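Trainee: Once you've had a glance at the structure underneath, I'll fire off some questions.
Every read-out reported here was derived from the displayed coordinates using simple, explicitly stated rules and does not represent laboratory data. Keep in mind that this is a model prediction, so the values were computed, not measured. Ideal geometry is used to build each Cβ from the backbone, glycine not excepted, and the neighbour counts take in all protein chains shown.
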Amino acid sequence: MATDFRRTGVVAELIVIRHGQSVANVAFPLADEKGLLESGLTGRDTDVELTDLGVEQARAVGRWLAALPAERVPEVVIVSPYLRARETWRIAADSSGLGLPAPAADERLVDRLLGDLEMLTRAAITARFPDEPARWRAHANEYTYRPPGGENFEDIAARLSLFLDDLNARHAGTRVVVVAHDSVVLMMRYVIEGLDWVGLAAVVAEAGRVLNASITRFDGSSGRLVLDGYNSVEHL
């Protein structure tokens, strides 16, 4: 008997895609490696653009979408309002050639908010906020540290929990794609699987960082969301 997803109260499928490579993904590691005070980027995190490679990665996501069987084509698309996520989906959807639904943006899918430390290199943080490195080291793990005016990972979990509650209530039985950020992909696992910080650290130790344009899938056919593929880049 086919599963009546609308009675289960969960989405039939949740695919979470990290945005393609952004200019910040390139600039900040280089600046930190060299100990520079400036990354070379200006403006807000929300406006960071894709690199040329990021655009190609988004097109590869589009080819992956085009290859899906008809019964797996997404019915609902929700994106982070940040430019790099919106552009990743726009390019992927255009490249797919499919009549995909228009995306909705949700503020709860934004990247980790760094507050006063946003768009600062490590050297700039040390220069402008000399007490922060010690505050960070005082925490048992990186997930509980909250930068001034920003978020720790518990805060991300809280907003994603609300997002998932609303998602399952409004879109039970549908196939959903989310396009967002590495922190969102990782913390989706934390929330959906009920992990603790030790379990989350084990995920990172086993799978490494969340890769640009990677695809993570949760299957709802059992009546609850179950991981069925994490951080995959086979399509790239």
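Trainee: Work out from phi, with θ = phi - 60° and the Karplus expression 6.51 cos²θ - 1.76 cosθ + 1.60, the ³J(HN,Hα) of each residue of the stretch 169-183, listed in order in whole Hz, and give x for Gly and Pro.
Mentor: Karplus values, whole Hz, x for Gly and Pro: 5, 8, 10, 3, x, 10, 9, 10, 10, 10, 10, 8, 10, 4, 5.
Trainee: Related question: Taking the stretch 137-208, which trypsin sites (Lys or Arg not before Pro) meet the DSSP loop condition and have no more than 15 other C-beta atoms within 10 Å?
Mentor: Values: sites: Arg137, Arg159, Arg170, Arg175, Arg189; in loops: none.
Within the stretch 137-208, no trypsin sites (Lys or Arg not before Pro) qualify (loop, at most 15 other Cβ atoms within 10 Å).
Trainee: Follow-up. State the extension gain, in nm to one decimal, for the chain segment bounded by Arg63 and His235, taking 0.36 nm per residue of separation less the distance between their alpha-carbons. Spell out each step's value before the answer.
Mentor: Numbers: separation 172, 0.36 × 172 = 61.92 nm, distance 0.80 nm.
Stretched fully, the Arg63-His235 segment lengthens by 61.1 nm.
Trainee: Which Rg and Dmax, in Å, describe the Cα atoms of the stretch 166-230?
Mentor: Taking only Cα atoms of the stretch 166-230, I get Rg and Dmax of 12.3, 34 Å.
Trainee: Relative contact order, percent, of the chain when contacts are C-alpha pairs under 8 Å separated by at least 6 residues? Each step should come with its number before you reach the end.
Mentor: Working: 434 pairs, mean separation 81.9, N = 236.
RCO, the chain: 35 percent.
Trainee: Please work out whether the stretch 4-75 counts as rounded, prolate or oblate from its C-alpha gyration tensor, where a ≥ b ≥ c are the square roots of the eigenvalues and a/c under 1.5 means rounded, while otherwise a/b larger than b/c means prolate and anything else oblate? Could the numbers behind the result be given before it?
Mentor: On the way: a/c = 3.90, a/b = 2.32, b/c = 1.68.
Taking the square roots of the gyration eigenvalues as a ≥ b ≥ c, the stretch 4-75 is prolate.
Trainee: Alpha carbons only, please: Rg and Dmax for the chain, in angstrom.
Mentor: Every Cα atom of the chain included, Rg and Dmax give 18.2, 63 Å.
Trainee: In the chain, once you exclude exposed GluC sites (Glu not before Pro) (DSSP loop, at most 16 other Cβ within 10 angstrom), what's the longest stretch remaining? Each step should come with its number before you reach the end.
Mentor: On the way: sites that count: Glu38, Glu49, Glu75, Glu118, Glu142, Glu234.
Formally, the longest exposed-site-free interval is 143-233.
Trainee: Okay, moving on. Which whole-Hz ³J(HN,Hα) couplings does the stretch 40-54 yield from phi under the Karplus relation 6.51 cos²θ - 1.76 cosθ + 1.60, θ = phi - 60°, glycine and proline marked x?
Mentor: With the stated coefficients, the stretch 40-54 comes to x, 9, 10, x, 9, 4, 4, 9, 5, 9, 7, 7, 4, 5, x Hz.
Trainee: Related question: Counting Lys and Arg as +1 and Asp and Glu as -1, what is the net charge of the other residues whose Cβ lies under 9 Å from the Cβ of Leu83? Kindly include the intermediate steps, with their values, before the conclusion.
Mentor: Working: positive: Arg84, Arg86; negative: Asp47, Glu49, Glu87.
Net charge around Leu83: -1.
Trainee: Using the Cβ atoms and a cut-off under 13 Å, what net charge is assigned to the surroundings of Asp32, where Lys and Arg are +1 and Asp and Glu are -1?
Mentor: On the way: positive: Lys34, Arg122; negative: Glu33, Glu38.
Its environment carries a net charge of 0.
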